[in-house]
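Everything below concerns the one structure shown next.
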Amino acid sequence: MSKKSRFYEVTYRDGHGDHPTLFPAQSEADLSQKLKFPRTVKHVETRHAGWLPVAVEANEHLDGVEFRVTHKGTETTISKDSLGYDHLIKLFAKDVAVLQRDLDEHNAPDA
């Protein structure tokens, strides 16, 4: 099941050039409070990327949930350790619960 979430494209610069990175967030202000850059990285800009379709899927180990979104031809995976993961867990709580139940059944030991 696919629904949409608000995303922001954050561009940062390091010694290897500019790196646009996609993050889900409730608002730009919410995202900016959570973004932390090391001293060797410069924040260039944050732009609203729009409301993008999000797929709720099982991770590769079939023991957790991750999210996939495609923007400008590039697929981004938001996993447990990614910034914005908690936002998507709350936003897609119903879909996550259904998938988690299916994963629990799949991973249950045989009786």
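See the values below:
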item	result
Output for region 79-92, where each listed residue is in a helix (DSSP H, G or I) and either surrounded by 12 or more Cβ atoms within 10 Å (Cβ to Cβ) or of a type in the set (Val, Ile, Thr) (or both)	Tyr85, Asp86, His87, Leu88, Ile89, Leu91
Cβ pairs under 9 Å, 6+ apart, first in region 50-73 and more than 19 Å from Val98 (Cα to Cα), second hydroxyl-bearing (Ser, Thr, Tyr)	Trp51/Ser5; Leu52/Ser5; Leu52/Thr70; Val69/Ser5; Val69/Thr76; Val69/Thr77; Thr70/Thr76
Subset of region 1-20 that is in a strand (DSSP E or B) and free of Cβ contacts under 8 Å to residues at least 24 places away in the same chain - its residue that is surrounded by the most Cβ atoms within 10 Å (Cβ to Cβ)	Pro20
Condition met for Thr40 (of a type in the set (S, T, N, Q), part of a strand (DSSP E or B) and either out of contact with any Ser or Thr (no Cβ under 8 Å at 6 or more places or on another chain) or under 30 Å from Arg101 (Cβ atoms) (or both))	no
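A short reminder: the numbers here are calculations on the coordinates, not readings from a lab. Quantities reported herein were computed from a predicted structural model and do not represent experimental measurements. Quick reminder, even Gly has a Cβ in these numbers, built from the backbone with ideal geometry, and neighbours come from all protein chains shown.
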